[in-house]
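Everything below concerns the one structure shown next.
The values are calculated or read from the model by the stated rules, or taken from the named source; none is laboratory data. Small disclaimer: the values here were computed from a predicted structure and weren't measured. No Cβ is skipped: glycine too gets one built from the backbone with ideal geometry, and neighbour counts run over all protein chains shown. Accessible surface is based on the protein model in full, side chains and every heavy atom, while ligands, DNA and RNA are left aside. Shrake-Rupley method; radii C 1.70, N 1.55, O 1.52, S 1.80 Å.
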Amino acid sequence: MLTTQATADSTLVQRQVPARPGLPPAPATPSTPPGPQPPTAGQHTGRWWLAAGAVALGYFGLFAWQMHSGASAGRPDSPATWALAALLHLPYLLILTLLVFGLIERVGFFWRGRQPHAPGRLPADCPTVCVQLPMFNEHAVARRIIEAAAAMRWPRHRLSIQVLDDSTDADTRAMVLAVCSAVSERTGVRCIWVHRPQRTGYKAGALEFGRQDTEAEFIAIFDADFVPPPDYLERAIPHFYDASGAAQPGLALVQAQWGHLNDDESPLTAAQALWVDDHHSLQQSFRSANIGWVNFTGTAGVWRAAAIEAVGGWRSASLVEDCELSVRALLAGYRTRFVRQLAVPAELPQTLVAYRLQQKRWTQGWAQLQRLHLASLLFRFRTGAARKAFLLYVTCISWQWPLWLAWMAVLPFLMANGWWLGAFGPGPALLAYLAPPLLFALFAGVAATAQTRHGQGSHQASVMRRCARLLPYLVINTGMVPHHVCAFLEGLFGPMHAEFERTPKTASVTAAPDTAASGGPGGPAPAASTPASQSAGASHPKRPNRQNPQNSPNSATVRRRAYLGAEIAFCLAQLGWIAFFIHEGLTLGMVGATWVLGCIFVLRATPAWLDRSAGREAATVGQPS
């Protein structure tokens, strides 16, 4: 193993050191065994996409029959038709169930969620902390996050930084290594550059690789586009102790709030910021206070190293390795905590391409997570009924996307045949079908805006003006339904070890403008100035890269075409229903189908309205991380 170390005169030397104990030797890359081989991911994907295509063809067949039959002005006239109408309302009833759970979270926040968790007292001998910074070809943001991590206040001899750099770009690797060396010399923090020649397991593999190389008691993790404030560790680590300074070994994770550096940059970033504010300020706060568990969001959190070890370490079993580890910690009896008052600002995806990649990864990963742990959570995990119900709700929240798509597909048939509440007049229809989701979105948006402080974002407008984020939020969420459904189906039925497609980052902003150098939430992280000569890099021994067939360019092309094809088919269906409703004089149906089609059109045809930098191509789009 080669270690690159910064000496006192800033020169770089290389020396041979023995391999780390406790790690098995790297096995030889296995050869392809003779005989029949399992199907490739492209073949696997093709099979379930063919099934989805068959369902779509059946739907268009029913649509053609409806066009031929015309609309019916009657109502259900027999028990059988009433039963069929009720059955076809099942997707909407399940959507309402999810909305009820979501409303309990948001209303419950005001009842039992706003009160902050009280931190404990640090012991006399501060615990050791390792800061892990996983990155892949992050040339634009690497320097900022490394310097911010080194600027966090903590005893220098009790703090280390692992820059887990899986970059394939030589210039980026050289730049990151140089920054590590300079930061180590300037601050006295042991800043280690770790490069794996083969990126087995993507981000989870890098985190596990680094974890096995540290004996720190706590591990803080930040993605490359985050900027932790200087007092982050001073405010996060005390939560692992009680008021007397005794450790709380049952607490595995302290998760901080996500702040924003660029939430006022475009309608796209404003809509994302509203979702993040709602999810963190309201939902995570309620879950932390009432069920004692929140999922790790992949960044801006501190893990107890012993807890990670106890549940088996990091695994790349799903695309949401952070949530998967959190669920294993839950099943093992650990608690996790969310601290709303501690915000770590980050850059939101600035292009629709980047946003689609991020949302695909999250939705697909949560579906994979259900395949891994839903049965254990449902049948084997022992806890109270109310707590289990909320845990199941959190785990299954991604079902909202196929449910919404199913409801959008079924509702026009109900309207055309008079099997909906609109048969009794427009009032009952609007009250039953439009009011619940719209009022829910309005309440969640206003509450999240009111409860998220300016220090957690860069937006300095009034509360009312910030509430205007609700319009692009609704447009984007509606227009993204087909995309989410494709990702959900790929996660539920596709291969488990899927490609991790990183979200491109541009570093268009460098720090939150509303915080002084003293280190409030969202502020810039000034570099510390204590000189020292510490190690600034380490390159670990080569490990095999278990390449998966689903990561091939051909498979990626199949997925892109499948996603686009599904979206086109959905738009054609909406166009058909618009024509049908106009012909039959069903105004509400025409307005609803036009809204859905318009939202998709906005996302596809007018990205300049949502995306300030739509014309800028990100060189790393589509590369795995």
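For the range 326-430, report the accessible area per residue in Å² (1.4 Å probe, heavy atoms, rounded to an integer).
Working: 3640 Å² over 105 residues.
On a per-residue basis, 35 Å².
Whole-Hz ³J(HN,Hα) for each residue in the range 277-288, computed from phi via Karplus 6.51 cos²θ - 1.76 cosθ + 1.60 with θ = phi - 60°, x for glycine and proline: what do you get?
Each residue of the range 277-288 in turn: 4, 5, 5, 7, 4, 9, 5, 5, 5, 5, 5, 5 Hz.
Tell me the carbon and sulfur percent of the accessible area for the range 323-462, rounded to whole percent, probe radius 1.4 Å. Provide the component values of the computation, followed by the final result.
Details: 3570 of 5080 Å².
On the range 323-462, the fraction of accessible area on carbon and sulfur atoms equals 70 percent.
Explain nothing, just compute: Karplus ³J(HN,Hα) = 6.51 cos²θ - 1.76 cosθ + 1.60, θ = phi - 60°, for every residue of the range 569-582 in order, whole Hz, x for Gly and Pro.
Values per residue, Gly and Pro as x: 4, 5, 5, 4, 4, 5, 4, x, 5, 4, 4, 5, 5, 5 Hz.
Under a point spin-label approximation (7 Å from Cα along Cα-to-Cβ), what is the residue 583-residue 372 distance to one decimal in nm?
In this crude label model, residue 583 to residue 372 measures out at 4.9 nm.
What is the Cα centroid distance between the range 78-108 and the range 354-394, reported in whole angstrom?
Computed from Cα coordinates, the inter-centre distance equals 20 Å.
Give the long-range amide H neighbours of residue 132: residues separated by 5 or more places, or on another chain, with amide H under 5 Å away, using H modelled in the peptide plane at 1.01 Å from N.
Amide H neighbours of residue 132: 162, 220, 221, 222.
I'd like the distance separating the alpha-carbon centroids of the range 238-261 and the range 122-197, in whole Å.
22 Å
Kindly identify the range 343-478 as rounded, prolate or oblate by the Cα gyration tensor criterion: order the square roots of the eigenvalues as a ≥ b ≥ c, call it rounded if a/c is under 1.5, otherwise compare a/b with b/c, prolate if a/b is larger, else oblate. Write out the running numbers ahead of the final one.
On the way: a/c = 1.68, a/b = 1.09, b/c = 1.54.
Judged from the Cα gyration tensor, the range 343-478 comes out oblate (a/c at least 1.5, b/c at or above a/b).
Can you tell me the FRET efficiency between residue 86 and residue 591 if r is taken as the Cβ-Cβ distance and R0 is 35 Å, rounded to the nearest 0.05?
Working: r = 25 Å, r/R0 = 0.71.
FRET efficiency, residue 86 to residue 591: 0.90.
Give a residue-ordered list of calculated ³J(HN,Hα) values for the range 348-358 (Karplus: 6.51 cos²θ - 1.76 cosθ + 1.60, θ = phi - 60°; whole Hz; x for Gly, Pro).
Per residue, the Karplus-derived 3J(HN,Hα) values read 7, x, 9, 10, 5, 4, 5, 5, 4, 4, 4 Hz.
Arranged from highest to lowest average of other beta-carbon atoms within 10 Å per residue, in what order do the peptides 299-310, 88-99 appear?
Per-residue Cβ counts within 10 Å, averaged per peptide and sorted highest first, yield 299-310, 88-99.
Counting heavy atoms of the protein chains only and a 1.4 Å probe, report the per residue accessible area for the range 171-295 as a whole number of Å².
Values: 2930 Å² over 125 residues.
Averaged over the residues of the range 171-295, the accessible area is 23 Å².
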